[in-house]
Amino acid sequence: LGEVLAVRRARLGDDALDTASAWHNLGHLAQLAGRPEQALPHYRQALSIKQRRLGEDHLSTLSSLHDLVVSLGELRRTAEALPLAERLVALTRRVHGPASQQHAEALAVWGIHLHDAGRPQAGREALAGAVAGLRAGGESMRLAQAHNNLALLLWDLGLAAEAEAQWA
């Protein structure tokens, strides 16, 4: 993919949407390979191009923003991730609606970052919203992850019975 990026940059320019896609794909490969630190600059570059060319509300822009937030979370860079996650929640709510799967997934990511930032009550609310949204959409894998994350947060708050109910 590095060669694909070089060709796209040479033929189409640094600001082309196909170039942004190549940047995003390189980030995704680094993420899948367990190298989120290497994914960050690729996601940032893709996001920058997409924001300029497509706007903040475009689905492709939101995808790059989501993946950047997830990579920052894997690196425990909560201070950087939290405002981006909050922006992702607002954008998915506006673009997809509050009952959408995309918004529920954004809430799940935001909830984790809120918890990591020492705001467990706000994280609890976000994760509960994610669970409700994912349940309504029938998304089983992400729903299980959201239940698990909510249970861990509840456990940290000393709410063992509520945590265990999430795992039931």
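General observations
- One residue stands out in the stretch 16-53 among those that are charged (D, E, K, R) and open to solvent by 60 Å² or more (accessible area, probe 1.4 Å): the one that is nearest to His66 (Cα to Cα), namely Arg44.
- Just one of the listed residues (Leu32, Leu12, Leu82) is without any contact (Cβ under 8 Å) to a residue 24 or more places away in the chain and either within 29 Å of Val131 (Cα to Cα) or within 17 Å of the chain's Cα centre (by Cα) (or both), and it is Leu32.
- Which listed residue is over 27 Å from Leu54 (Cβ atoms) and either of a type in the set (A, V, I, L, M) or modelled with pLDDT of 95 or more (or both), from Ala99, Ala128: Ala128
- Failed condition for Ser64, given (1) surrounded by 22 or more Cβ atoms within 10 Å (Cβ to Cβ); (2) under 26 Å from Arg135 (Cβ atoms); (3) under 9 Å from the mean Cα position of the chain (by Cα): (2)
- Within the stretch 35-53, the residues that satisfy the criterion of being under 17 Å from the mean Cα position of the chain (by Cα) and hydrophobic (A, V, I, L, M, F, W, C) are Ala39, Leu40, Ala46, Leu47.
- Some residue of the stretch 67-90 being more than 13 Å from Val109 (Cα to Cα) and surrounded by 20 or more Cβ atoms within 10 Å (Cβ to Cβ): no
- Some residue of the stretch 109-127 being in contact with a Ser or Thr (Cβ under 8 Å, 6 or more places away or on another chain) and of a type in the set (Asp, Glu): yes
- Here the helices (runs of 4 or more DSSP H) wholly within the stretch 95-168 that include at least 3 residues being buried (at least 17 other Cβ atoms within 10 Å of the Cβ) and touching a helix residue (DSSP H, G or I) at 6+ places or on another chain (Cβ under 6 Å) are 101-116, 120-137, 140-156.
- Options Glu3, Glu37; residue that is modelled with pLDDT of 90 or more and acidic (Asp, Glu): Glu37
The values are calculated or read from the model by the stated rules, or taken from the named source; none is laboratory data. Keep in mind it's a predicted model, so treat the numbers as computed, not measured. In this analysis, Cβ positions are derived from the backbone assuming ideal geometry, glycine residues included, and neighbour counts consider all displayed protein chains. For the accessible areas, the whole protein counts, side chains as well, though only heavy atoms, and no ligand, DNA or RNA atoms are used. Shrake-Rupley method; radii C 1.70, N 1.55, O 1.52, S 1.80 Å.
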